[in-house]
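The values are calculated or read from the model by the stated rules, or taken from the named source; none is laboratory data. The shown structure was predicted, so the numbers you read here are calculated from the model rather than taken from an experiment. Using ideal geometry, Cβ is built from the backbone for each residue, glycine included, and neighbour counts are taken over all protein chains shown. In case anyone asks, the SASA skips ligands and DNA or RNA and just uses the protein heavy atoms, side chains included. Shrake-Rupley method; radii C 1.70, N 1.55, O 1.52, S 1.80 Å.
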Amino acid sequence: MLCKKIVDEVSGWLRLFDDGSVDRIWTGPPEVEFMAQPVPPHDNFVEGVATRDAPVSADSGLRVRIYLPEEKATDLDKLPVILHFHGGGFCISQADWFMYYHIYARLACKARAVIVSVYLPLAPEHRLPAACDASYSALLWLRSLARGDSHEPWLSHYADFNRVFLVGDSSGGNIVHQVAARAGNEDLNPLRLAGAIPIHPGFVRSERSNSEMEKPESPFLTLDMVDKFMSLALPVGSTKDHPITCPMGYGAPSIEDSKLPPFLLCMAGEDLISDTEMEYYEAMRKGKKEVELLISTRMGHSFYLNKIAVDMDPNTASETEKLILGVTEFISKH
């Protein structure tokens, strides 16, 4: 009996074998494993939020995790919708992981919004643009609900499809830009894309930035993760200058010519990839796009997903609260 051999490994998160199979069982410190565990859906309200999974396409198997905040007397008739794309370098994580649940349940309650989080197809089994295509399909599904062509009980009853926002963490932030740009060429009526919020997006380029060489690595982002996830996720033969990973680069469609909604770009001051995120911000401003900037000082990449740090470190807790508040205020004014 032949044994499979590991041909590549990514920081405890992923192992690729010589037969092409992938193992995503967490092999890092056991005390943090709980953050990568799935949270079962619950129709009853727990700490103000209920969750359920819903199919988007029977053909593709695409599905979403929905967060519904418990009704309040101050709510409007309908709630804005956040279409969420999880992070993980396009290669790991799921929409139902605890690291997303603990923060997006809070955001649903604070922003008074229904959150629809997409279970993304993962690389290397499904290389880019698979995750972007699936995310765009989820947006078109919301349009079909808005038009009454499809039905999902929670969304059909509670969702205000005139106020749909795209939100993505890390590599999910890359997807935010791609979906927003594609949506600019689509008739979404009666759905309206009201805004887009990339949070610590995974914008990189082939040439190392100063921040990649100078900023500290974190549990959620190391240079090994950047390099290997990109090599496994991008189309074969592509470099980090690909439009999905470098939308502000020479090989990407013109930002100025793109029809984009208002953006809130969320950055972390100590993020390894803060320099390239800032390059994106400057490209958006140069392209005359409406873009605001929210910077979490002294914080690293995706700090708010780290439940241990949020619970144990007052500064992380405070910056997480500021981030949630900033996102909530952006949603409230669009």
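For the range 1-45, the set of residues classified as exposed (fewer than 12 other Cβ atoms within 10 Å of the Cβ) and of a type in the set (A, V, I, L, M) consists of Met1, Leu2, Ile6, Val7, Ile25, listed by residue number. For the range 110-119, residues that are surrounded by fewer than 19 Cβ atoms within 10 Å (Cβ to Cβ) and under 16 Å from Leu155 (Cα atoms) total 1.
Tell me the residue from Leu62, Leu68 that is closer than 24 Å to Asn174 by Cα, touching a residue at least 24 places away in the same chain (Cβ under 8 Å) and either open to solvent by 10 Å² or more (accessible area, probe 1.4 Å) or out of contact with any Pro (no Cβ under 6 Å at 6 or more places or on another chain) (or both), please. First the steps, then the outcome.
Values: Leu68 fails: closer than 24 Å to Asn174 by Cα.
It is Leu62.
Taking the criterion of being assigned to a loop (DSSP other than H, G, I, E, B) and under 19 Å from Tyr100 (Cβ atoms), the residues of the range 13-49 that qualify are Trp13, Arg24, Ile25, Trp26, Gly28, Gln37, Val39, Pro40, Pro41, Glu47, Gly48. For the range 198-224, the set of residues classified as open to solvent by 80 Å² or more (accessible area, probe 1.4 Å), touching a residue at least 12 places away in the same chain (Cβ under 8 Å) and part of a loop (DSSP other than H, G, I, E, B) consists of Glu217, Pro219, listed by residue number. Taking the criterion of being assigned to a loop (DSSP other than H, G, I, E, B) and over 27 Å from Leu221 (Cα atoms), the residues of the range 63-118 that qualify are Glu70, Glu71, Lys72, Ala73, Thr74, Asp75, Leu76, Asp77, Lys78, Arg112, Ala113.
Is it true that Lys228 is within 27 Å of Arg285 (Cβ to Cβ) and out of contact with any Pro (no Cβ under 6 Å at 6 or more places or on another chain)? Criteria not met by Lys228.
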